[in-house]
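Here the structure comes first, spelled out in structure tokens, and everything after it is commentary.
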Amino acid sequence: MKKNIDILKAWANDNSASSHNGNLRTDGIGLWSYDLKIGTTIDHRKVIADYTAKSGNFYSQTTSYHVGISRGFADTIVHPTFFTQSKLDKVEG
């Protein structure tokens, strides 16, 4: 059974992984909390969208938790509006 930290380590190393319940998953490029893309990879740099109450873009308590634990693996944290308007949520491997 993979823990969230295992999923984040896989994402950081460009590998795919999924938590036991699928709530946090990565294809090595993108990172999803449920069906919401919360992270991506651009030029080998990890980018997280700040879907938390602090940013004014609260999605769910679990997604906020996923964003919080992902911060340590990200090179950049951006506002969700920038993430979607820049089409970072559409980046594929």
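What percent do you get for the relative contact order of the chain when only Cα pairs under 8 Å and 6+ apart count?
Values: 165 pairs, mean separation 20.4, N = 93.
The value is 22 percent.
Under a 10 Å cutoff between Cα atoms, tell me which one of Lys37, Lys54, Lys46 has the largest fluctuation in the Gaussian network model of the chain.
Among Lys37, Lys54, Lys46, the largest GNM mean-square fluctuation belongs to Lys54.
With a ≥ b ≥ c taken as the square roots of the eigenvalues of the C-alpha gyration tensor of the chain, please select rounded if a/c is under 1.5 and otherwise prolate if a/b is larger than b/c or oblate if it is not?
The shape class here is oblate.
In nm, give the distance between the simple-model label positions of His20 and Asp89, each being 7 Å from the Cα along the Cα-to-Cβ direction.
3.0
Specify the residue with the greatest mean-square fluctuation among Gly28, Gly72, Gly39, computed from a Gaussian network of the chain linking alpha-carbon atoms under 10 Å apart.
Gly72
Before rounding to the nearest 500, sum -39500 (n - 2.57) across all DSSP H runs of length at least 4 in the chain and divide by the residue total; then give [θ] at 222 nm in deg cm²/dmol.
Numbers: 3 runs with 25 residues, N = 93.
So the calculated ellipticity at 222 nm is -7500 deg cm²/dmol.
Mind counting lysine pairs for me in the chain? Cα separation below 16 Å, and the two need to be 8 or more apart along the chain or on different chains. Write down the numbers at each step before the final one.
Values: Lys9/Lys46; Lys37/Lys46; Lys37/Lys87; Lys37/Lys90; Lys46/Lys87; Lys46/Lys90.
Lysine pairs meeting the criterion: 6.
FYI, it's all coordinate maths here, none of it is from the lab. Keep in mind that this is a model prediction, so the values were computed, not measured. Backbone-built Cβ (ideal geometry, glycine too); neighbour counts: all protein chains shown.
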